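The values are calculated or read from the model by the stated rules, or taken from the named source; none is laboratory data. Predicted model, so just to flag it, every value in this text is computed and none were measured. Don't worry about glycine lacking a Cβ; one is built from the backbone with ideal geometry, like all the others, and counts go over all protein chains shown.
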């Protein structure tokens, strides 16, 4: 029979175990990332050497890279599109010495560094990232705010350094396993559970079933759809193709209050999706934002098009009404929360 434990003893005991787990996660993350960096450097070297030997001539170089991309994707999974192969080539060109690769930096760090054209600046960002332990997102933020250039131009260094430190946000240890590039490299499934709360995932499950059961032309395409745009990754909760409206429908779920930022984000998602996936004969992509608050659900439709008023009147006749979506979200949220409470008791 367990007796009452000294809370200080227990906390110290637990902290030691937690620290050991976090350390092992960090080491595993670093090992996988450096293996990825080394592999991509080698691929870049092979591409450059074939170019120098004339075996990748301009007239068919693009075609052969596409063929290699297709075969690599088939055998090893995502992460080997032509753009990424070119990134690997650029990586080798920028860092031609094998012993210059640093295990402290991830592939995402190096991709950010490739955008820095000034070699001195690139080297400084690289060393500062290692010294300060910047995450890839922190490095990207410093590059985008021209941290190096502002330090170089400023007589007073301290205010610039203080501003930079204030912009830095700590990288939570649990985010180590969420890097989509690591998932691609290891050919792991991009499980939505890595990114969403249990409640949000349960609501997405029910929402997907609900829309398909409506039978109004919804064809399921993907959930947690990864969109890579530039050097950033975005995830769409649900993507459908509507066979009646001849367009894609993007659905984003928020737990909490609807904000202007949410609407702006959805508009950006629509632009990105259209740029990457919309066919010439498709109608404009529709975005649906669902905010499930504790006591109410809010629905916002969004469509970007020169004739959006005409199209809006058309899709409102075919898509679920605001009331239908609100009712479904409210009912399912209450049911899920009741089930969770019952499990706890």
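The one condition from (1) in contact with a helix residue (DSSP H, G or I) (Cβ under 8 Å, 6 or more places away or on another chain); (2) modelled with pLDDT of 80 or more; (3) not in a strand (DSSP E or B) that residue 273 does not meet is (1).
Table: residues versus (1) at pLDDT 85 or above; (2) assigned to a helix (DSSP H, G or I).
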position: 25; (1), (2): no, yes
position: 30; (1), (2): no, yes
position: 33; (1), (2): yes, yes
position: 41; (1), (2): yes, yes
position: 56; (1), (2): no, no
position: 61; (1), (2): no, yes
position: 73; (1), (2): yes, yes
position: 80; (1), (2): yes, no
position: 84; (1), (2): yes, yes
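Out of 131, 111, 89, one residue alone is over 14 Å from residue 38 (Cα atoms) and either touching a strand residue (DSSP E or B) at 6+ places or on another chain (Cβ under 8 Å) or in a helix (DSSP H, G or I) (or both). It is 131.
Could you identify the single residue in 98, 124, 134, 107 that is loosely packed, with under 13 Cβ neighbours inside 10 Å and touching a residue at least 12 places away in the same chain (Cβ under 8 Å)? Steps first, answer last, please.
Details: 124 fails: loosely packed, with under 13 Cβ neighbours inside 10 Å; 134 fails: loosely packed, with under 13 Cβ neighbours inside 10 Å; 107 fails: loosely packed, with under 13 Cβ neighbours inside 10 Å.
From the options 98, 124, 134, 107, the qualifying one is 98.
Restricting 332, 307, 328, 324 to residues that are touching a helix residue (DSSP H, G or I) at 6+ places or on another chain (Cβ under 6 Å), modelled with pLDDT under 75 and within 22 Å of residue 243 (Cβ to Cβ) narrows the list to 328. Can you say whether residue 164 is surrounded by 13 or more Cβ atoms within 10 Å (Cβ to Cβ), at pLDDT below 60 and more than 16 Å from the chain's Cα centre (by Cα), as far as the supplied structure shows? Against the criterion (surrounded by 13 or more Cβ atoms within 10 Å (Cβ to Cβ), at pLDDT below 60 and more than 16 Å from the chain's Cα centre (by Cα)), residue 164 qualifies.
Here is a yes/no grid of residues against (1) surrounded by fewer than 15 Cβ atoms within 10 Å (Cβ to Cβ); (2) closer than 27 Å to residue 330 by Cβ; (3) touching a strand residue (DSSP E or B) at 6+ places or on another chain (Cβ under 7 Å); (4) modelled with pLDDT of 85 or more:
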{"site": "222", "(1), (2), (3), (4)": "yes, yes, yes, no"}
{"site": "226", "(1), (2), (3), (4)": "yes, no, yes, no"}
{"site": "280", "(1), (2), (3), (4)": "yes, no, no, yes"}
{"site": "290", "(1), (2), (3), (4)": "no, yes, yes, no"}
{"site": "294", "(1), (2), (3), (4)": "yes, yes, no, no"}
{"site": "301", "(1), (2), (3), (4)": "no, yes, yes, no"}
